[in-house]
């Protein structure tokens, strides 16, 4: 079942994905989307929020790539620290 995204969050998600190298972009999109959906399902909610997307990226992105991921988020005005990430 596909859970809808907040419109602004979906745009940010697409922008972050655009910065990921082609050969792993599809994998990243699938894994982060599935993780965000599972977070929403567990919380018994019906829409993916920015926090869900950020939590999913941190959960599914290998630690060695957190630096570039954080930079991409910052460029989009996403404050991942307010969601408990460092």
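So here's what we get for this one:
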| read-out | value |
| --- | --- |
| Segment residue 2-residue 18, length gained on full extension (0.36 nm per residue, minus Cα span) | 3.6 nm |
| Helix axis angle, 50-60 relative to the chain longest principal axis, alpha carbon, degrees | 60 |
| Likely footprinting exposure, 53, 23, 69, fewest C-beta neighbours within 10 Å first | 23, 69, 53 |
| Ranked 57, 13, criterion: other C-beta atoms within 10 Å, fewest first | 13, 57 |
| All-pairs alpha carbon distance profile, the chain, 10 Å steps from 0, percent | 18, 57, 24, 1 |
| Selected from 14, 51, 34 as most flexible by GNM, with the chain as the system and alpha-carbon contacts under 10 Å | 14 |
| Ellipticity estimate at 222 nm from DSSP helix runs (n ≥ 4, -39,500 (n - 2.57)) divided over the chain, nearest 500 | -20000 deg cm²/dmol |
| Using alpha-carbon coordinates, inclination of helix 22-42 to the longest axis of the chain, degrees | 30 |
| Principal-axis tilt of helix 66-75 within the chain, Cα atoms, nearest 10 degrees | 80 |
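No value in this document is a laboratory result; all are computed from the given coordinates. Every value quoted in this text rests on a predicted model; they were computed, and no experiment measured them. Note: ideal-geometry Cβ built from the backbone for every residue, glycine included; neighbour counts use all protein chains shown.
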